[in-house]
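Following: one structure in structure tokens, then a few remarks.
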Amino acid sequence: MKKYKIALIKGDGIGPEIIDEAVKVLDAVASRYDFDFDYEELLMGGIAYDITGDPLPQETVTKSLNSDAVLFGAIGGEKWDSLPREKRPESGLLRFRKELGVYANLRPAVVYDELVNASSLKPEVVKGVDLMVVRELIGGIYFGEPKGRDDFKGYNTMVYTRPEIERIAHQAFKIAMNRSKKVCSVDKANVLDVSQLWRDVVTEVAQEYPEVELSHMYVDNAAMQLIRDPRQFDVILTGNIFGDILSDEASMLSGSIGLLPSASTGDKVGVYEPIHGSAPDIAGQGIANPIATISSASMMLRYELGEKEAADRIDNAIKQALAEGYRTKDLAAFDAKEVCSTSEMGSIIANYAVK
Ligand code: IPM
Ligand code: MG
């Protein structure tokens, strides 16, 4: 029997509740196959700071690098917002991404037919949306030097090198080959030199993928087009900060930020996490939507462990739960037949996944 070593980082806020549901579903599907999971819980974020004084203990990095995949909940909360920047949960997360070398952040935005009314946009605009933001995750203005601040001046630097652009572009084109073979690269080349390099290098890499249709769009226009006509997009390739912003925007097409998963991959171990945050305001109440995390576990099976059939089972189980009218509180107003708790939703999906 194959045993996959999974590093579990539950983190803060609703992190522990939603990870528990993903584990429930993973164990359920595993019972149908010739593999099994060996979980190890690791500390990160505010809880890690509280216990060890460091939002990212070295042990978490070392053990994550030794695992087959990392399943991640969420980190952060007001409680830690006034700490010095390097002690904050967010700094731990950025260091973690860098140490694991996860340069490609895949953030799908899919509108489930059952929830087409949950979006703040008109159903006829969002019905059928199925796009993927491919965000560069360990470069750009998040990490560029020089950076700093004093009382008068604050500054960060947006830097990309050719190899950094090439590797993320290859990822986007490869993903597009398995989808509708369309890539839209988003930049600000009308103003920024770094974006002009981005555009030139992406155009060069595109030569190696003659079947893929490449377009370019300025980020301000892309933000507008995503709301005007989101179905025009398939793969959106972009840098760190533009991807941060556009992926939050894209997530709202689907109605609830509690639905969408993400994968961060590089040359080492991948990290799978919901795109939403730790939602401290609803933590511990059993009302968080676990679907984004369960769906992230499915991405982990599909992209990291190569267990496509098991991943399909989970994806279908999520669709079925939604089609049957099961809703957590965030989606209770949208065609709910039954409103359920975090853990009930996990159990319902786990049951469908093994049928
Ligand atoms: C995200 C988050 C992070 C980011 C924060 C928490 C550092 O917004 O994963 O999108 O900006 O990358
Ligand atoms: Mg973000």
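Data for the structure
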quantity: Residue identified as under 20 Å from the mean Cα position of the chain (by Cα), within 16 Å of ligand 1 (Cβ to nearest atom) and touching a residue at least 24 places away in the same chain (Cβ under 8 Å) among VAL61, VAL70; calculated: VAL70
quantity: Close pairs (6 angstrom Cβ cut-off, 6 or more residues apart or separate chains): at pLDDT 95 or above in region 164-184, among the polar types (S, T, N, Q) anywhere; calculated: CYS184/SER215
quantity: Scope region 253-279; condition crowded, with 18+ Cβ neighbours inside 10 Å and either free of Cβ contacts under 8 Å to residues at least 12 places away in the same chain or more than 13 Å from ligand 1 (Cβ to nearest atom) (or both); matching residues; calculated: LEU253, SER254, GLY255, SER256, GLY258, LEU259, THR265, GLY266, VAL269, GLY270
quantity: Those residues of region 294-326 which are of a type outside the set (Gly, Ala, Ser), touching an Asp or Glu at 6+ places or on another chain (Cβ under 7 Å), outside any helix (DSSP H, G or I) and under 25 Å from SER119 (Cα atoms), in sequence order; calculated: TYR326
quantity: Number of the condition not met by GLU90 [criteria: (1) surrounded by 14 or more Cβ atoms within 10 Å (Cβ to Cβ); (2) touching a residue at least 60 places away in the same chain (Cβ under 8 Å)]; calculated: (2)
quantity: Long-range neighbours under 6 Å by Cβ, at least six apart or interchain, first residue among the polar types (S, T, N, Q) within region 39-57, second part of a loop (DSSP other than H, G, I, E, B) and buried (at least 23 other Cβ atoms within 10 Å of the Cβ); calculated: none
quantity: Meets criteria (within 12 Å of ligand 2 (Cβ to nearest atom) and either open to solvent by 30 Å² or more (accessible area, probe 1.4 Å) or under 16 Å from VAL126 (Cβ atoms) (or both)) for ASP244; calculated: yes
quantity: Residue in region 91-103 that is away from ligand 2 (no atom under 16 Å from the Cβ) and under 26 Å from ARG228 (Cβ atoms) present; calculated: no
quantity: Flag for LEU214 being open to solvent by 10 Å² or more (accessible area, probe 1.4 Å), under 25 Å from PRO230 (Cβ atoms) and modelled with pLDDT of 95 or more; calculated: yes
quantity: Residues that are over 16 Å from GLU273 (Cβ atoms), hydrophobic (A, V, I, L, M, F, W, C) and open to solvent by 40 Å² or more (accessible area, probe 1.4 Å), drawn from region 93-120; calculated: VAL110
quantity: Some residue of region 289-304 being of a type outside the set (A, V, I, L, M, F, W, C), in the same structural domain as PHE173 (by TED's automatic domain parsing) and within 16 Å of ligand 1 (Cβ to nearest atom); calculated: no
quantity: Within region 334-355, tally of residues that are free of Cβ contacts under 8 Å to residues at least 60 places away in the same chain and either part of a loop (DSSP other than H, G, I, E, B) or outside the structural domain of ILE18 (by TED's automatic domain parsing) (or both); calculated: 5
quantity: Qualifying residue in region 62-70 (condition: open to solvent by less than 60 Å² (accessible area, probe 1.4 Å) and within 16 Å of ligand 2 (Cβ to nearest atom)); calculated: no
quantity: Top-ranked residue in region 329-355 [being polar (S, T, N, Q) and within 19 Å of LEU26 (Cβ to Cβ); ranked as least open to solvent (accessible area, probe 1.4 Å)]; calculated: THR342
quantity: Extreme residue, nearest to the chain's Cα centre (by Cα), among residues of region 126-159 that are away from ligand 1 (no atom under 16 Å from the Cβ) and open to solvent by less than 70 Å² (accessible area, probe 1.4 Å); calculated: LEU131
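The values are calculated or read from the model by the stated rules, or taken from the named source; none is laboratory data. Everything quoted here is computed from the prediction, not taken from an experiment. Every residue, glycine as well, gets a Cβ built from its backbone with ideal geometry; the counts of neighbours run over all protein chains shown. SASA here: full protein model, heavy atoms, side chains in, ligands and nucleic acids out. Shrake-Rupley method; radii C 1.70, N 1.55, O 1.52, S 1.80 Å.
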